[in-house]
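A.B. asks: Pasting in a structure now, in structure tokens, and then I'll have a few things to ask.
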Amino acid sequence: MSKGLPEARTDTAMSELVPEPRPKPAVPMKPVSINSNLLGYIGIDTIIEQMRKKTMKTGFDFNIMVVGQSGLGKSTLVNTLFKSQVSRKASSWNREEKIPKTVEIKAIGHVIEEGGVKMKLTVIDTPGFGDQINNENCWEPIEKYINEQYEKFLKEEVNIARKKRIPDTRVHCCLYFISPTGHSLRPLDLEFMKHLSKVVNIIPVIAKADTMTLEEKSEFKQRVRKELEVNGIEFYPQKEFDEDLEDKTENDKIRQESMPFAVVGSDKEYQVNGKRVLGRKTPWGIIEVENLHHCEFALLRDFVIRTHLQDLKEVTHNIHYETYRAKRLNDNGGLPPGEGLLGTVLPPVPATPCPTAE
């Protein structure tokens, strides 16, 4: 009997050394399309209608910035774009107002409603940009303003008791107005877009396109595209953000044919062939703003509002804001030592006493 004891101990020891086989993790099954086998209507397709109803109740924000020299028709174009008096000059403008000595930032908010959908539109104007003798670094106040809006959103986002709906003042779109010289971009144009294209969605537009012939306009558009490419300036829609082949095909056409949009703005109506149209009256006829044979305003409007408005907001949130957020968090908020991300002074961490050697 005693001879069998060591064997029993060996068996016990072996059982302790050999681990028990673990159950294999469950592998999720691939989703199987069962659409053809549905026995009746479920109602999955109503999710789109549910989202539409919720959006109509809450409304949404859209913040657009206009940048360019004085006299390029920025205010008029924005009024034409939204068919409302939404620009800074339309809201409060004094004819004796002087050109500011430095770049200023002025934001005007409006609530626009169409078809039961409410949009809180904010138009951010930048009077003074490019109007000085020395325009060195005149984009800095604009870049600072854009980053301040990201900072404001970030502070709200990291609050412990944050708001159910964080107010969104981030700039979703920047219309950059190019002077219709017909020659080439100015160094100021290139410097501005080079610095700001990394922090905001820039859409270049050629202002007052009716001052050029069709041939001049076509050549100038090609020249501008070439200069932007040579200088490595990415305008919206950026190539790397195309999500699929359909997006790439659609956006390639916009990038290669439409950009920069050559536009004419006007908030005055005229009678043409029995119809009331927005246009500019000249000695040789009326330039119709929404006529594609006359200018590309309709293309710009469709692009900004009817096809890419939501994407402008998403790229702002998912790309530009996330880039800013990641940098700020990596830099510990960029705040002085002893301060938290929200600017509140944190209590000092108590020092751990060192053990004394006996």
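The values are calculated or read from the model by the stated rules, or taken from the named source; none is laboratory data. The structure presented is a predicted model; accordingly, all values stated were derived computationally and were not measured. Neighbour counts are summed over all protein chains in view; Cβ atoms, including those assigned to glycine, are modelled from backbone coordinates with ideal geometry. SASA here: full protein model, heavy atoms, side chains in, ligands and nucleic acids out. Shrake-Rupley method; radii C 1.70, N 1.55, O 1.52, S 1.80 Å.
A.B. asks: If you count only protein heavy atoms and use a 1.4 Å probe, how large is the accessible surface of residue 54, to the nearest 10 Å²?
C.D. replies: Around 140 Å² of this residue is reachable by solvent.
A.B. asks: Share of antiparallel DSSP beta bridges in region 136-282, in percent to the nearest 5? All intermediate terms of the calculation are to be shown ahead of the outcome.
C.D. replies: Numbers: 4 of 11 bridges.
Beta bridges within region 136-282, antiparallel portion: roughly 35 percent.
A.B. asks: For 284, 139, give the ranking by accessible area with the largest first, probe 1.4 Å.
C.D. replies: 284, 139
A.B. asks: Right, another one. Length gain on complete extension for the stretch residue 229 to residue 166, per 0.36 nm per residue less the alpha carbon to alpha carbon distance?
C.D. replies: 19.0 nm
A.B. asks: How high is the FRET efficiency between residue 54 and residue 243 when r is their beta carbon distance and R₀ equals 25 Å, given to the nearest 0.05?
C.D. replies: 0.60
A.B. asks: Work out the length of the dipole vector of region 142-191 about its Cα centre, built from +1 on the beta-carbon of each Lys and Arg and -1 on the beta-carbon of each Asp and Glu, and round it to the nearest 20 debye.
C.D. replies: Numbers: 9 positive and 8 negative charges, 79 e Å.
With Lys and Arg at +1 and Asp and Glu at -1, about 380 debye.
A.B. asks: Right, here's the next one. Which FRET efficiency value, to the nearest 0.05, do you get for residue 211 and residue 318 by plugging their Cβ-Cβ distance into 1/(1 + (r/R0)^6) with R0 = 41 Å?
C.D. replies: Details: r = 38 Å, r/R0 = 0.94.
For R0 = 41 Å, the calculated efficiency reads 0.60.
A.B. asks: Shifting gears a bit: Say R0 is 41 Å: what FRET efficiency, to the nearest 0.05, do residue 282 and residue 190 get from their beta-carbon distance?
C.D. replies: Values: r = 32 Å, r/R0 = 0.77.
So, using R0 = 41 Å, E works out to roughly 0.80.
A.B. asks: Filter the cross-link list 120/155; 120/268; 194/226; 106/144; 118/144; 208/268 down to pairs whose alpha-carbon distance in this structure exceeds 19 Å.
C.D. replies: With Cα atoms farther than 19 Å apart: 120/155; 120/268; 118/144.
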